Amino acid sequence: MQVLSKINKQSSIFTSLVSVFLGLLVGGVMMILAGYNPIQAYIALFQSAFLQPFDIGETIRTITPLILTGLAVGLAFRTGLFNIGVEGQFIIGQLAAVIVALKLDLPPVIHAIVAVIAGALGGALWAFLPGYLKAKRGVHEVITTIMLNFIALYLSNLTVREWLTDGADKTKEIPESASLHWNMLSQLFDSSRVHFGIFIAIVAAFFMYYLLWKTTTGYQLRAVGYNPHASEYAGMNVSRNIVLSMMISGVFAGLAGASELLGTAGYQAIQASYTGIGFDGIAVSLLGGNSPLGIVLSASLFGILTYGGSNMEYVAAVPREVIRVVFAAIIFFVAANIVRWVAQRRKKKVIDKGGEGK
Amino acid sequence: MINSLTDILATTILYMTPLLLTAMGGLFSERSGVVNIGLEGLMTIGAFTAVITTLETHNPWLGLIAAMIAGMLFSIPHAVASITFKADQVVSGVAINFLALGVAVYLVKALYEGAGQTPDVQEVLRKMPIPGLEKIPVIGPALFDVFPTTYLAFIIVFIGYFVLYRTPFGMRLRAVGEHPQAAETMGVNVYRMRYTGVIISGALAGLGGASLSIAIGSQFSESTIAGQGFIALAALIFGKWHPFGALGASAFFGFAVALALKGQLIGLTNYVPSEALSMLPYILTILALAGFVGRAEAPAAIGKPFETGGR
Amino acid sequence: MNAVEMKGITKRFPGIVANDRVNLTVKQGEIHALLGENGAGKSTLMNILFGLYQPDEGEIFIREKKTEITGPNIAGELGIGMVHQHFMLVDPFTVTENIILGSEPTQNGMIDQRKAEKEVQAISDRYGLKVDPRAKIRDISVGMQQRVEILKTLYRGADILIFDEPTAVLAPKEIDELIVIMENLVKEGKTIIFITHKLKEIMRICDAVTIIRQGKFIGRVDVADTDESRLASMMVGRDVSFTVDKKPAQPKETVLSIRNLRVKNSRGVDAVRGLDMEIKAGEIVGLAGVDGNGQSELIEAITGLKSAHKGEIVLNGKAITNLKPKAITHRGVGHIPEDRHRRGLVLDFSIGENMVLQTFDQKPFAKGWTLQYPQIFKHAKRLIKEFDVRTPDIHTPARALSGGNQQKGIIAREVDRDPDFLIAAQPTRGLDVGAIEGIHRRLIEQRDKGKAILLMSLELEEVWQLADRIAVIYEGKIAGWVDPATTTEEEIGLLMAGGQVGTEVSS
C-alpha cells in the first residue's frame, strides 16, 4: 500500500503543480485581455498575503474553512461519494452553532465547545439524508445534495428572520463565552481575526488520515467506496458505511461552518446566495489529490489566492474575480488530468511510429 | 381576487421561462449522456453577454443571439473535459459554474470601473401581446401578453420534442445516452452526438440567462442568476428528462416562485413563510428522485465516459 | 471466391500485441470458425474487420478487393455485419428502432416508422426469425434479442456476418434453432464467421476453422480433415487431456442441505422455486444448467447476499437461512464468486489488503479499532507464496494482476479460512488453460481434505470433469441428478431444457 500511495502521490503532485501553473497562466491571459499587467498583479497578490503579520493572520483565517470543506469533499471522494452538499452542511453548521451560542447560557470555553459540537452535528444531520437516500433508495447524492443546499439556505434565512430575530436580517453578536476568538493568537498576528478554528482544521486533517488508513472503520469505508458489491460479499454493511461516510463528511463541513461563525463572523445573516466556501472545497480536495496532507497544502494555496486576491483588487485594481477563473481553470486541468492524457498520447504515438518503422 | 389570480398566473409564466429554456438545454445534454451541473454557469454567461451586447448595440435581439453564442462557447470546455478527456462530468460542471461567474463579474468590474453591476439596459425586450387573445379574462394577460422569450420557450419545447422523438438526430442522441456502444456499432459518432448535445445545452441555457437579464430584469450582477440554473436542473429531473415533463415541472416551480413573491395578494404568507414556498421545488425533486412522487429514470449511460470499442 | 481475406494483421495496444501477423481467409458461402482461447485476440481481429479498430499493419481484402475499413459505417457499406455477444441493444427502444438506428428511413426529415416496421417484418419473415417489430427490447427474451441482432445486420444488407460467441447465452434448444437460422442464411448466399471456443459446435456446423493463439496465427484447416482433440491442441499449444485426474469421492456426513428454497430475483420474480439439495463432506456437487435458471440466486441465498422467502438452508445441522453474510461466513462457508471483479476483489485495494477482506477486523489483523498492517502483510505474503499468486509484491493493486492470478488470490483467501463448505461459481471463467488446470487441482485437493463443494459452471465440460454428482437446474428447481460417469450429453441436455429423465442418483 505504501508503494501504491507513493506512486499515486508522485503523479498527482506533478499533475497538481502543472495544473496550478496552467491555471495561473489562464488568469494571466485574462488580465492581459482586459488590459492589466499580470506580473504586477500576481506580485501584489502574493506579497499582500504575507506583507504584515496581520496579513499572515488573515491568510490563515481564510485557509481555515477551506481545509475543513476540502476534507469534507475529500473524505467523501475517498469513499466513493460526491458530496456537493458541503455548502448546505456548512450553512446548517453555522445555524446550529449560532443557535447554541445565542440560546444557551454556558460558562466560557464550554459554551464554545458545545457550539462547535452542535455545528458538527448539524452538518452530520444534513448529510445524513442524502446518505440515507443513496443507501436505501439508490438516489444519486449529487442531485439530492444540490437540492439540500438550497433548502439549507432558505431554512437558515427563515430561522434567522422568524426565530432568532424579530424580522431583522442578521442576528446579534454571539456572546464572548461562545467565541473561538483567542486573544493571544490574534495578538501574535497583529490583532488579525485568526482564531482557534485553524487548530480544529489541523486536528480534523490528522483524524481523516488516521480514520481512513489506520482503522477497521476506514478499511470498510474505503472498500465500500471502491466496490460496494465486493464489500457486501465480504460481509460489510454497505448502507451503514455510505451513511457513515456522508455523516463524517458532514461533520467536517459543519465544523467549517461553526468555526467560521464562532471565530470570524460572530453572527448569522440572511443570505441571498452561498458563501461559495463549500464549492471551493471541491477545488481544494481535487487539487490536493483527496489526501489530508494534500488538502491542507492546496487549501493554503487557495487561501493565499483568495486573501491576496482581495488585496490585489485594492493595490493593482485588478478585479478579484480573476481568482475564481484561476480556480476554475485549475479544476479543469486537474479533472481532465492533462498530464496523464499527454503521457498517454505520447505513448500511443511511440507505438504507432514503431508500427510504421517495420 | 380575479386580479390576484391573473397576477399569480402571469408571475408563474414569467418565472418559468428561464427555467424552461434552460431545462430544455439540459435535456439535450443529459439525453446524450452528459450530466450538466454547469447550467447555472451557462445561464450566468448568457445573462451577462445579453446585457453587454444590448448596451453596446441597443438591440436586444442581438443580445439574445449573442447570449446563445456565448453559452455555446462556454459549454465547450465542459464538452472537451467530460467527453474527450473523460473527466468527471460533475466536477467539470462545477468548474463551469466557477468559470462563468468569475469571467462575468470580472469583466463587469473591468468594463465599468470596479462596479458590481452593469448599468441598466434601456432597450430591454418588451412584452408582445397577441391581439385578440390577450383580451381573454384571467389567462389572456398571463399567457398572451408576455415577453418574446416566453413564446420562444414554448416553441422550443415542441420543437425539442419533435427533434428528439421524431427525427434520426434525436433518436441517435437518445441512443447515445442509453447505450453508446450500441450506437457506435450502428455507425453513430458518439463523440459528435455528445458534443452536439452539450453545445445545444449551452445555447439554450444562454438564452435562459438572457431571458432573466434583458426581459425580466434589465441589468447583470453577481446575483442575477442566483440558483436558477440549479432549479432548471431540478425541473429537468422532476420532469423525468422529457420535454413535456420539463414544461410541467418548470410551470410548477414557476408557480412556487409566484406564490413566494405574490403570496401576500391572497393572504397566503400569513400562514406559510415565503422561504417555505421557495424550498418547495427542491423538496419535491428529492421526493421524486426517492420514488415517492413517481420514479424518475435517468438515461442509462448518463455520467459515464465513453471509450471507442470498449464495453 | 474469398469473401474475406485478412493478411498479416498486427494490432498493438499499450503493453501488448493483441494481433501479431494474423491471417484469415473466408470463402464465399461458408461457415468459418475463428477459434481461440479467451484473450487470444479473436475480438480484436473482428473489431478490426468491423472497423472499430485500425490495424497497425496488414491488408484486408473484401471479395478480393483491397479495402481500408475506417469505421463501422465502411464495414456496413462493404456488407459486413456483426452479431455481438453482449447484445448491442438499446433497452427502452423498440425492435424496429434498434434495427434502423444509424440508417433511418425518413420522409421530410422525419423517421418513417411505418415503412421501417414493414421492412423489418419482411426480413424477419424471409429468414424465419419470428420477431415482433413493435416490442420493446426490455420485454423480449434473450433468444429474440439475439435474432434482433441478426436482423440489424440483415437490414443493412450484410452478406458477411460475424457471430461473436452466439451460443454462450442460449439453451440447447435455442442453440438448435440458431443453427437452423445460420444454415438458412448460408443457403441464401450469406457468409458467416463464427467466433467460438466450443469445439463441438465447430465440428457440427462449420466448414473451416482458423485458429489463433496468444495473438498469433496458428493455422487454417478444413473441418472435414480434423477432429476435436487436434483442434484443441492447436488452440492451446500442447496436447490437452479432457479428463482431470482424481480418485473416487469418499463422501461422509451431510454438510449442507436445502429444503424447498424459494428466492426472488432482482425483478421480484421467483428465480429459485422450491429447490432441494444435499451436499456431503468430501464430494463435489456440480450444478449444471443454462444461464439464468436460478443458479446465481441460489448461491446468493446460501451466502446471505439475497434473502429466501421460503424454505430452509441448513449447515452442519444448524439453520443459516437469511443470516447476514458475515454470520454465514463465520459458520464455515467459503465462496469463490461468479464475477471476481464485481464481488471477489476490491480491485483498487492492494492484493495484500484483499487477502483480509472478511477478516480485517479480527485478531491478529486488528487490535480494537486499529489495523495491524504488519500482521496483514505477513498473512498475505504467506498466502501468495502458498497459492503461487504471481504479483510483483503484496502492495500491487489487485487490478494490475492477470485474471488467473486474481482468481488464485481469491481461492487462497477462501480456502485458507478453512470453511466446511466451499462454493465455487464459474471458477475458471475467462482464464487460460494453464490456470484452469491449476484451479481444478485445488478444488479436487479441497474435496480430498473432506470439504463439501458446490461447483456451479455454465461450461458443461467443467462440471462433468470435476463433479462427483451433477445436479441439473432448470427454472429454479433441480430437474434431475445424474452420475457423471454414466450420463450422456443427451440426458443432461434434455434436463437442461426442462425435459424429464427418470434416473435419480443417490450416493
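Any read-out appearing in this document is the output of simple, stated calculations on the displayed coordinates, not a laboratory observation. The structure presented is a predicted model; accordingly, all values stated were derived computationally and were not measured. Counting neighbours? That spans all protein chains shown, and the Cβs are built from the backbone with ideal geometry, glycine included.
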> Considering only the protein assembly as shown, what is the antiparallel percent among its DSSP beta bridges, to the nearest 5?
Replying inline: 60
>> Compute a Gaussian network model of chain A, connecting alpha carbons closer than 10 Å, and tell me which residue from A:ILE43, A:ILE91, A:ILE200 fluctuates the most.
In response: A:ILE43
>> If packing is taken as the average count of other Cβ atoms within 10 Å, what order do C:102-111, C:378-387 fall into, highest mean first?
In response: C:378-387, C:102-111
>> Straight-line reach from C:LYS27: which lysines fall under 20 Å, measuring Cα to Cα and dropping same-chain residues less than 8 apart?
In response: C:LYS7, C:LYS42, C:LYS65, C:LYS66, C:LYS187, C:LYS190
> Is there a simple number for the mean count of other chain Cβ atoms within 10 Å of the Cβ of residues in C:356-363, and what is it?
Replying inline: 4
> Which Cα, out of C:LEU45, A:ASN241, C:VAL472, lies furthest along the positive dipole direction of the protein assembly as shown (beta carbon charges, K/R +1, D/E -1)?
Replying inline: A:ASN241
> C:HIS335's amide H: which non-local residues (gap 5+, or another chain) put their own amide H closer than 5 Å, with H modeled 1.01 Å from N in plane and none for Pro or chain starts?
Replying inline: C:ILE423
> Taking chain A as a Gaussian network, where each spring joins two C-alpha atoms under 10 Å apart, which residue of A:GLY197, A:GLY93, A:GLY254 fluctuates the most?
Replying inline: A:GLY197
> Can you give the charge dipole size of the stretch A:63-304 about its Cα centre, rounded to the nearest 20 debye, using +1 on the beta carbon of Lys and Arg and -1 on the beta carbon of Asp and Glu?
Replying inline: 680
> Pick from B:LEU55, B:LEU287, B:LEU212: which is most flexible by mean-square fluctuation in a GNM of chain B where alpha carbon atoms under 10 Å apart are linked?
Replying inline: B:LEU287
>> List the residues, sorted by chain then number, that are 5 or more residues from C:ILE478 or on another chain and whose placed amide H is less than 5 Å from its amide H.
In response: C:ASP276
>> Give the average, rounded to an integer, of partner chain Cβ atoms located within 10 angstrom of each Cβ in A:322-330.
In response: 6
>> Could you tell me what a quarter of the Cα convex hull surface of chain C works out to, in nm² with one decimal place?
In response: 26.3
>> Taking amide H atoms as placed 1.01 Å from N in the peptide plane, list the residues 5 or more away in sequence, or in a different chain, whose amide H sits under 5 Å from that of C:GLN85.
In response: C:ASP164
> Under unit Cβ charges (Lys, Arg +1; Asp, Glu -1), what dipole magnitude, rounded to 20 debye, does the stretch C:254-496 have relative to its Cα centre?
Replying inline: 1300
> Short version: ³J(HN,Hα) in whole Hz for each residue of the stretch B:134-150, in order, from phi by Karplus 6.51 cos²θ - 1.76 cosθ + 1.60 (θ = phi - 60°), x for Gly and Pro, what are they?
Replying inline: 5, 7, 4, x, 6, 7, x, x, 6, 9, 10, 9, 10, 5, x, 5, 5
>> Taking every pair of distinct Cα atoms and averaging 1/r, then inverting, what Kirkwood hydrodynamic radius in Å comes out for the protein assembly as shown?
In response: 33.1
> How about the stretch B:92-146: which chymotrypsin sites (Phe, Trp or Tyr not before Pro) there lie in a loop by DSSP and see at most 15 other Cβ atoms within 10 Å?
Replying inline: B:TYR112
> Can you give the charge dipole size of the protein assembly as shown about its Cα centre, rounded to the nearest 20 debye, using +1 on the beta carbon of Lys and Arg and -1 on the beta carbon of Asp and Glu?
Replying inline: 1300
> Dipole of chain A (Lys/Arg Cβ +1, Asp/Glu Cβ -1, origin at the Cα centre): which of A:LEU106, A:SER191, A:VAL73 lies farthest to the positive side?
Replying inline: A:VAL73
> If Lys and Arg each add +1 and Asp and Glu each add -1, what is the summed charge of the other residues whose beta carbon sits under 10 Å from the beta carbon of C:ILE100?
Replying inline: -2
> With θ set to phi - 60° and the Karplus curve 6.51 cos²θ - 1.76 cosθ + 1.60, what are the ³J(HN,Hα) couplings of the stretch A:264-279 in order, to the nearest whole Hz, using x for Gly and Pro?
Replying inline: 9, 6, x, 7, 10, 10, 5, 10, 6, 8, 6, 6, x, 5, x, 5
> Taking a quarter of the surface of the Cα convex hull of the stretch B:2-310, what do you get in nm²?
Replying inline: 16.8
> Each residue of the stretch C:467-482 in order: what ³J(HN,Hα) in whole Hz does its phi give by Karplus 6.51 cos²θ - 1.76 cosθ + 1.60, θ = phi - 60°, with x for Gly and Pro?
Replying inline: 6, 8, 9, 10, 9, 9, 9, 9, 6, x, 10, 6, 6, x, 10, 10
>> Averaged over its residues, how many other protein chain Cβ atoms are within 10 Å of peptide C:101-110's Cβ atoms?
In response: 5
